[in-house]
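Working notes, beginning with the structure itself.
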Amino acid sequence: MARKAFIAGNWKMNMTVASGTKLITELKPLVKEAKCDVCLCVPAILIPAMTKAAKGSKIKIGAENMHWAASGAYTGEISADMLKDYGVKYVIIGHSERRQYFGENNDTVNQRTLAALKCELTPIVCIGETLSERSAGDTEKVLSRQLEFGLHGVEDVKQLVIAYEPVWAIGTGQTATDEQAQETIKFIRKKLSKMFNVKDANRVRILYGGSMNAGNCKGLMAQPDIDGGLIGGASLKLDFAKIVNFDK
Ligand code: PGA
């Protein structure tokens, strides 16, 4: 079964109500004909205003993180139910910046992923190797560990989205080549077929992320195992529409 392409933006800690609303208002007509699923993951506090701005368009508003507990004494955190109050469907889990700066690890990624699935949110689970891990030839080992621990206890893998984001490509302007990205994502799918089964692994959408832009998206999207992109910097501009329209 063909997998539907999925282009997701990740605004990170950027934008305000005014600048975000302006961008979404301008993007709306440009993505009208999109055949792929489109989502913008935005800072939690912007979710209500951006949901309003995106109304009536192809753009779904997603979140950048969520906590695993249903509620409780977790100052500064956001629960699945709070996201669902605003109609959120997609939530990024385990982005490398959270792993790098906020103590996220495979165990917390696992807890967040299971909690998102339980609440019928679609986690976009991020995995990826650092430059030193790739140079040491450890890419497959690192990704395997991230998948085995991060997806431990997942029953239906088709319910989630994986984003393969080599850490050395994020925000650096240094994209993985089409072949590198394809080869690694093919490995991820093979690993999923061993952890789960071939049929389900073939239905999981796997995105590439890391300096994907209007110029390089066509080549990446033409790869057989790449189903979409997780876009950081280029999702803050109208270029995002060009990526969404990669097939035009
Ligand atoms: P980038 O970010 O497109 O700016 O490299 C991607 C990401 O961090 O998801």
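Remarks
- Candidate set: the range 89-111, residues that are farther than 14 Å from N10 by Cα and of a type in the set (V, I, T); chosen: the one nearest to the ligand (Cβ to nearest atom): V109
- Within the range 10-33, residues that are closer than 19 Å to M212 by Cα reach partners that are modelled with pLDDT under 95 with beta carbons closer than 9 Å, at six or more positions or on different chains, in the pairs K12/G171.
- Scope the range 201-212; condition open to solvent by less than 30 Å² (accessible area, probe 1.4 Å) and farther than 15 Å from G128 by Cβ; matching residues: A201, V204
- Selection status of L40, in contact (Cβ under 8 Å) with a residue 60 or more places away in the chain and open to solvent by less than 80 Å² (accessible area, probe 1.4 Å): yes
- Screening the range 169-179 for residues that are within 23 Å of K190 (Cα to Cα) and open to solvent by 20 Å² or more (accessible area, probe 1.4 Å) and picking the one that is farthest from the ligand (Cβ to nearest atom) gives E179.
- Selection status of E183, acidic (D, E), out of contact with any Lys or Arg (no Cβ under 9 Å at 6 or more places or on another chain) and not in a loop (DSSP other than H, G, I, E, B): yes
- Top-ranked residue in the range 196-217 [being in contact with a Ser or Thr (Cβ under 9 Å, 6 or more places away or on another chain) and part of a helix (DSSP H, G or I); ranked as nearest to the ligand (Cβ to nearest atom)]: A201
- Single residue of L114, L151, L83 found to be more than 16 Å from the ligand (Cβ to nearest atom) and closer than 27 Å to L236 by Cβ: L83
- The range 213-224 residues that are under 13 Å from A241 (Cα atoms), paired with ones that are open to solvent by less than 20 Å² (accessible area, probe 1.4 Å) (beta carbon under 8 Å, 6 or more apart): N213/I231; N213/A234; N213/I243; A214/A234; A214/I243; C217/G229; C217/I243
The values are calculated or read from the model by the stated rules, or taken from the named source; none is laboratory data. If you're wondering where the values come from, they're calculated on a predicted model, not measured in any experiment. We place every Cβ from the backbone using ideal geometry, glycine too, and count neighbours over all the protein chains shown. Accessible surface areas use protein heavy atoms only, side chains included; no ligands, DNA or RNA. Shrake-Rupley method; radii C 1.70, N 1.55, O 1.52, S 1.80 Å.
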